[in-house]
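Enquirer: Sharing a structure with you now.
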Amino acid sequence: QPNLSTAGSILILTMVMLFAGGARILHLGGLVGAGAAAAVVLTKSADYRFERFTSFLDPWANPLEGGWQLIQSLYSLGSGGLFGLGLAQSRQKYFYLPYPETDFIFAIIGEELGFIGIIFLISLFLILIWRGIRIALTAPDLFGCLLAAGIISMIAIQVVINIAVVTVSMPTTGVPLPFISYG
């Protein structure tokens, strides 16, 4: 299936770069509106995209097809509890959750390390993102600012999208978790 999530990530990155470069928020608002309209048209234009969207809205409506991966992701996160099952003790990754080493690695981390492990991982990402923002703000020239803003924005966008997909906060995409996912 064609991957439009990478194109969407690059579009969001472009918006951040334009903002960091001095574009007005009003102009960016027009681009956001055009992007939202394009997203609606693209979602409706292909059956598999529309199925992903409807599966996201109600994974339990079709639990053996489009909702399977989302439901198994929630089971993984829920079975981890507060402290997790322990490293390499995940059950979901062996039989139930498809491709656990790629897009849904966050669910396996939640199952093995629990809520505490997830909070620790998110804290590490937040520290990295904060450091990148500080570098961008204190860069001596515009090029350094845009370079730092672009790099850290791409990482932040991928982190937010991946965690949102795994927690069923947005439709399934193919965006990996930076520094952790395979692929």
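Enquirer: Counting pairs of Cα atoms in segment 84-145, how many percent are more than 18 Å apart? Don't skip to the end; give the middle numbers.
Expert: Working: 974 of 1891 pairs.
Every Cα pair in segment 84-145 considered, those over 18 Å come to 52 percent.
Enquirer: Pop the C-beta distance of Leu137 and Met17 into the FRET formula with R0 = 22 Å and round what comes out to the nearest 0.05.
Expert: 0.90
Enquirer: Check each of the chymotrypsin sites (Phe, Trp or Tyr not before Pro) in segment 38-136 and keep only those in coil by DSSP with at most 12 other C-beta atoms within 10 angstrom; list them in order.
Expert: On the way: sites: Tyr48, Phe50, Phe53, Phe56, Trp60, Trp68, Tyr75, Phe83, Tyr94, Phe95, Tyr96, Phe104, Phe106, Phe115, Phe120, Phe125, Trp130; in loops: Phe83, Tyr96, Phe104.
Sparse-neighbourhood loop chymotrypsin sites (Phe, Trp or Tyr not before Pro): Phe83.
Enquirer: Can you bin segment 12-90 into rounded, prolate or oblate? Criterion: square roots of the alpha carbon gyration tensor eigenvalues sorted a ≥ b ≥ c, rounded for a/c under 1.5, prolate for a/b above b/c, oblate for the rest.
Expert: Details: a/c = 4.13, a/b = 1.60, b/c = 2.58.
Oblate, since a/c reaches 1.5 and b/c is not below a/b.
Enquirer: Need the C-alpha centroid separation for segment 19-42 versus segment 116-183, integer Å.
Expert: Cα centroid to Cα centroid, the span is 21 Å.
Enquirer: Another question, then. Which residue, Thr138, Thr172, Thr102, tops the fluctuation ranking in a GNM of the chain built on C-alpha contacts under 10 Å?
Expert: Ranking Thr138, Thr172, Thr102 by mean-square fluctuation puts Thr138 first.
Enquirer: Go ahead and set up a Gaussian network model of the chain, Cα springs under 10 Å, then flag whichever of Ala61, Ala149, Ala164 fluctuates most.
Expert: Top of the fluctuation ranking is Ala61.
Enquirer: If you don't mind, another one. Looking at segment 5-166 from every direction and averaging, what is the projected area of its Cα convex hull in nm²? Please list the in-between numbers first.
Expert: Values: hull surface 43.8 nm².
Taking the Cα atoms of segment 5-166, their convex hull projects to 11.0 nm² on average.
Enquirer: Another question about this same structure. Out of the trypsin sites (Lys or Arg not before Pro) in segment 1-52, which ones are loop residues according to DSSP with at most 12 other C-beta atoms within 10 Å? Please report the intermediate quantities before stating the final value.
Expert: Working: sites: Arg24, Lys44, Arg49, Arg52; in loops: Arg24.
Passing both the DSSP loop test and the Cβ count: Arg24.
Enquirer: Exposure proxy check: Glu112, Glu65 ranked by fewest other beta carbons within 10 Å?
Expert: Ascending number of Cβ neighbours within 10 Å: Glu65, Glu112.
Just so you know, all these numbers are worked out from the coordinates, no wet-lab data involved. Please read these numbers as outputs of a predicted model, since none were measured by experiment. As a convention, Cβ positions derive from the backbone with ideal geometry for all residues, glycine included, and neighbour counts pool all protein chains shown.
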